[in-house]
Structure formats: structure tokens, C-alpha cells
Amino acid sequence: MSHARRGAALFAAALALGVVAAAEPALAAPPGQDVDVQVDDLGRTREVTPRSPKPAPSGQTDLRAAGAAHSARLAQQFGAGVGALEVLSSRTTPAGGVVRLQQTIDGVPVLGGQVVEVLDRSGALVSAHGRTARGRAGSFPADRTAAAEGAARSALDRVAGESGQGVTDLRVAESRPYWYDASLLGAEGATDAVPAFQVTVAGKGAEDRWTVVVDAGSRAALATWSDTHEAVNRAVCDANRTTVDGNDDSAFRCGTAFRVSRREGGRPSSVADVNKVYDFFGDTSKFYASKVDADLTDLIGVDYGDGAGKALRATVRVCVSGEKCPYQNAFWSPQAQQMVFGEGVTTDDVTGHELTHGVTEHISGLVYRGESGAINESLSDIFGEFVDLTNGSSDDTAGNRWKMGEGSALGVIRDMANPPAHNDPDRKGSSLWYPRYQTARDNSIFVHRNSGVGNKAAALIADGGSFNGQRIRGIGIDKSASLWWSVQNLLTSGADYAELGTVLNSACRQNAEGGVAGTTRDDCAQVAKAVTATEMTKRLQSRG
């Protein structure tokens with residue numbers, strides 16, 4: 001199934017509030033007697049774990065201040081040889097808190113350059129993981145406005161060439177300056193960060209979104225990927241098969257473009273899709289509230305000033321110009337901050353999947369390219385299926401367990417417990433692993449196919465089983481939900497499967513130490529087996 005959202009982390013507003021820690025020009029620091037360090041095959045630090053929680057310098061206990069106090073030493077340990085680490089965000093957890101640090105160079109963020117700290121309730125550092133750029137090359141042109149305009153033209157030309165759409169059918173939805181180190185988003189080998197613009201291009205269809213990274217100096221396109229995906233206070237509108245311009249995000253907004261058909265506490269609609277989405281919004285909100293103590297409306301709801309207030313919004317039975325009507329698809333719109341459904345695709349797991357894309361956009365900001373994009377898709381599948389498995393729907397049969405899309409017009413599209421059934425890999429070393437993402441089309445295939453690795457891990461962790469030499473005892477849905485929510489909060493925006501494996505183990509340890517959902521050390525042993533079975537961390541090495 002294809003869905004749409006922009007796959008870029010939104011750094012700028014948070015950076016304005018950041019606290020700066022200068023990075024010393026050094027490679028990854030050697031391990032000391034009090035710390036364990038995990039590195040990748042480039043020798044780059046991926047995780048730092050003190051052997052006992054390390055108090056913040058100056059005794060800071062406030063979460064954000066403690067995170068800032070730890071950041072100077074972490075900049076050295078992670079080899080951030082250029083720029084600085086700035087506090088991007090902080091979030092409390094039952095065991096303490098998570099602080100996300102963003103690498104910047106001359107005040108401009110490095111795409112995918114992040115370090116995430118795990119702190120206990122006293123502000124002491126439990127662990128940190130991430131990746132940073134270790135060198136820089138060049139600088140932004142003096143006339144940054146002209147450079148941005150040139151980058152936009154290059155991006156439009158690149159997308160036109162790859163998509164087959166004419167330049168006149170495309171528009172620049174957004175452009176932001178970044179430093180770009182290709183190795184942070186999955187390229188082989190070590191590289192320096194170069195000044196660039198990340199340009200989001202919109203096409204003719206409502207789902208048509210691409211990201212192009214353009215060199216700020218030469219205006220060459222350095223990377224291109226498709227952002228197309230395969231969404232309590234509730235407000236649901238019925239478009240009644242009205243055809244809208246997919247390029248105009250205001251054309252399908254519920255509450256302005258279309259009248260609200262059912263609002264919170266209101267009577268059921270005569271339109272089945274309206275009632276289904278209303279109910280599934282409720283199911284998804286209830287799951288997030290009861291299992292991970294998250295208010296979904298507060299997190300991703302939007303207020304259009306129509307009197308409905310901040311609400312989870314959706315427009316159903318939409319038709320899109322240039323597409324077949326009825327439109328058999330659904331997507332989360334990052335511009336409108338709401339769900340959009342065609343007809344007949346309003347199922348519980350699809351709704352939970354799409355709403356989780358909105359959650360991911362607001363928390364980890366996983367870039368929708370390569371392995372971080374595959375993890376993005378997997379998280380949506382995982383939480384969508386969690387909703388499906390806990391809401392008591394009639395199609396929650398043993399035969400449908402871990403299947404995505406059952407009951408929709410498209411039918412089952414992925415089997416999370418058995419990814420190869422749909423030609424998706426169930427481990428990193430599988431022959432079904434899709435290897436390429438050089439073009440936008442390749443990336444769209446890559447992120448959907450390769451989400452199977454995370455999906456298989458989720459099914460194993462929850463239900464258990466024997467796989468790839470590991471015999472795993474399932475820990476159940478409740479503990480799994482808390483685990484994957486911690487993972488969502490810990491992942492950096494450019495995470496790969498090696499980071500996901502590291503974070504799954506770290507998050508489980510944190511949950512066990514904090515007594516979250518009754519998680520135990522033996523549960524974490526099962527999680528570690530699932531990580532091993534799916535071969536997420538096979539290339540990492542330990543020092544110390």
C-alpha cells in the first residue's frame with residue numbers, strides 16, 4: 001500500500017531553543033575503565049554505556065539541563081569532529097528521560113547527525129547512542145537566497161527526470177539548509193559533511209512527494225528519494241467521492257474544505273467509512289493512552305479554527321485528480337496534519353499505521369530513506385497491528401494475526417510474522433533483502449520490502465518462536481508496546497537496523513530497571529535473542 005508523508009525531521013524550531021556543547025576535533029574516544037563503547041565497521045562510535053550511571057557534570061538534575069551537561073563529553077566520545085551538539089528535545093519516561101542532541105555546524109543541522117541520551121531519574125547518563133559527522137568540506141555560499149533558489153530548480157529538474165512528471169506539474173513544498181554526510185544515511189564508506197539544501201518536491205497526486213538533497217555550491221543533486229508510503233478528540237469528514245487537487249493540501253482538510261460529518265460525542269453518520277474511521281481513531285487513541293500513556297490528540301491533533309478544537313482529523317471517500325475513483329489508498333498528510341482516506345481502506349490496522357507515521361514525524365523524525373525509512377514503515381506496521389490485536393474486532397482471528405490490511409479493498413499486503421510470504425526479508429542477511437535505493441523508485445521499494453526485518457522482530461518479541469537458531473519466549477503485547485514506544489523515543493532520525501537492534505536492547509534494560517509494564521531482565525534476554533535472530537547488529541563490535 002502507498003501512503004504519503006514527508007520524511008524529513010523538522011529541526012529548526014527546536015534548534016532555536018538548543019543548548020550548545022562544542023565538539024572537540026577528535027575521532028571516537030577510546031573506552032575508559034568506566035565505559036563500554038560499541039563501534040561500527042568504520043570505527044565510528046555507535047553506543048556509549050557507562051558501567052554505572054554517570055552523574056551529570058555540576059550535579060544537574062533537570063532533564064534538559066542534565067542532557068546539555070553530558071553533551072560536551074559525548075561530543076568527544078562520538079567523534080563529532082566538527083560543529084556542536086545542541087539539545088533538540090527532551091521527553092520524560094517512567095525510568096527517567098530521553099534527551100535528543102542534534103549536531104550542527106555553524107548553526108545549521110547535520111542531516112541524520114544525532115545522539116540520544118538515556119538518563120535516569122537523577123539525571124545520570126545510563127547510555128547514549130547515535131552517529132555524527134566527523135569532518136566538513138566547503139561552506140555555504142555568501143548569497144544563501146540565490147543558492148536556495150538554484151537548489152530548488154535543480155530539485156525540480158531531478159524529480160522531473162526520475163518521475164516522468166513535467167516540471168510545470170511539480171512545485172517546491174519546502175526547502176531547508178542542512179549539512180549532508182552521505183554515510184549518516186546509509187552510504188558506504190566515510191565521507192565529510194557538505195553544505196546542502198534538503199528540498200521537498202510535490203507532484204500532481206496527493207501522495208506524490210520527493211526529497212532531493214542538493215549541493216549548495218555546485219547545485220548537483222546528491223540524493224533523491226520518494227516520500228510516498230505504502231493517520232481523544234475526533235473530527236471526520238466525508239468527501240463523497242469529490243475529486244480534489246492532490247497538490248493543494250487545503251483541498252482535503254476536514255473542517256474547512258469539507259464539513260465535519262461526525263465530531264467527538266456526535267451521532268453516527270449514515271456513511272460507513274466515516275463511522276469506521278471515527279471508531280478506529282478511538283481505538284488507536286485508547287491504545288496509545290492505555291499502553292504507553294501518550295495523548296494522541298495532543299501529540300498529532302490539529303486545530304483549523306473551525307470550532308472543533310485540536311482534534312484527530314480525517315477526510316474519507318476522497319478522490320484525487322489523475323487517479324482512479326474510487327481512490328483505494330490512505331495516507332498521513334504532514335502538511336495538513338491529518339489523515340486522508342480513499343474508499344474501502346478504512347481498517348483498524350491501516351488507520352493505526354498511518355497515525356503512527358504522524359507520531360514518528362513528531363518524535364524520532366525518521367528520515368524516509370534507506371534503512372531509517374524501512375524502520376519508519378515497520379514502526380507504523382507494529383503499532384497498527386498492536387491496535388488491531390487489542391481492539392476486539394471480529395477479524396482478529398488466529399489466521400489474521402500479524403497480517404496487515406485484512407478486510408481492506410486491497411487485502412493483505414504484509415505478513416509480519418512471515419515476511420517472505422510477501423517477498424519481504426525476515427532478517428538482514430536474507431536473500432530477499434532489497435539492496436538498492438539510488439533512485440526514488442528504488443527507495444519506495446526498499447523501505448516497504450525491508451520493513452520486514454523489524455516486523456519479524458516485533459512478532460518474535462511479542463509471541464515468541466524459533467527462528468534462525470534462536471528459541472524465543474514471547475513477552476506479550478503490553479510489554480512489547482512499552483518497549484517499542486521507548487524505541488520510538490530513542491531512535492535518531494537517521495537510524496539503521498544496527499541502531500534499532502542496539503536501541504531495542506537498551507530500551508528493554510531501561511524498562512526493566514524502571515519496572516515499566518512489568519518488564520524483567522529475562523524479557524530483555526528474549527529481546528536480545530530476537531535482535532540476534534533478525535541479524536540487526538551483526539556488523540557491530542564492542543570495545544572496553
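The values are calculated or read from the model by the stated rules, or taken from the named source; none is laboratory data. As the structure is a computational prediction, the values presented were derived from the model and not from experiment. Please note: Cβ atoms are built from the backbone with ideal geometry, for glycine as well, and neighbour counts cover all protein chains shown.
I need the full set of residues from the range 455-496 which are out of contact with any Pro (no Cβ under 6 Å at 6 or more places or on another chain) and of a type in the set (K, R), in order please.
R471, R473, K479
So the check is Cβ under 7 Å with 6+ separation or different chains; which pairs have a first residue in the range 504-521 that's of a type in the set (S, T, N, Q) and a second one that's in a loop (DSSP other than H, G, I, E, B) and modelled with pLDDT under 90?
Q510/A95; N511/A95
Of the residues that make up the range 357-371, is at least one at pLDDT 90 or above and under 18 Å from M416 (Cα atoms)?
Yes; the residues of the range 357-371 include at least one that is at pLDDT 90 or above and under 18 Å from M416 (Cα atoms).
Yes/no per residue for (1) exposed (fewer than 15 other Cβ atoms within 10 Å of the Cβ); (2) in a helix (DSSP H, G or I):
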| site | (1), (2) |
| --- | --- |
| N247 | no, no |
| S250 | yes, yes |
| G266 | yes, no |
| K276 | no, yes |
| D279 | no, yes |
| A289 | yes, yes |
| D298 | yes, yes |
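Do the conditions hold for L389, that is, is it surrounded by fewer than 23 Cβ atoms within 10 Å (Cβ to Cβ), in the same structural domain as W433 (by TED's automatic domain parsing) and part of a helix (DSSP H, G or I)?
It is true that L389 is surrounded by fewer than 23 Cβ atoms within 10 Å (Cβ to Cβ), in the same structural domain as W433 (by TED's automatic domain parsing) and part of a helix (DSSP H, G or I).
For the range 59-81, give me each residue that is of a type in the set (G, A, S), touching a Ser or Thr at 6+ places or on another chain (Cβ under 7 Å) and either over 14 Å from L101 (Cα atoms) or not in a helix (DSSP H, G or I) (or both).
Of everything in the range 59-81, those that are of a type in the set (G, A, S), touching a Ser or Thr at 6+ places or on another chain (Cβ under 7 Å) and either over 14 Å from L101 (Cα atoms) or not in a helix (DSSP H, G or I) (or both) turn out to be G79, A80.
I'm trying to understand the selection: among the residues of the range 457-471, which are surrounded by fewer than 24 Cβ atoms within 10 Å (Cβ to Cβ) and in contact with a helix residue (DSSP H, G or I) (Cβ under 6 Å, 6 or more places away or on another chain)?
F467, N468, Q470
Residue by residue through the range 82-91, note down the ones that are assigned to a strand (DSSP E or B) and in contact with a Lys or Arg (Cβ under 9 Å, 6 or more places away or on another chain).
Selection gives V87, L88, S89, S90, R91.
Closer than 26 Å to F446 by Cα, basic (K, R) and touching a Ser or Thr at 6+ places or on another chain (Cβ under 7 Å): which single residue out of R158, R171 fits that description?
Just one listed residue meets the conditions, R158.
Which one of the conditions (1) crowded, with 18+ Cβ neighbours inside 10 Å; (2) modelled with pLDDT of 80 or more does S52 fail to meet, given that it meets all the rest?
It fails just one condition, (1).
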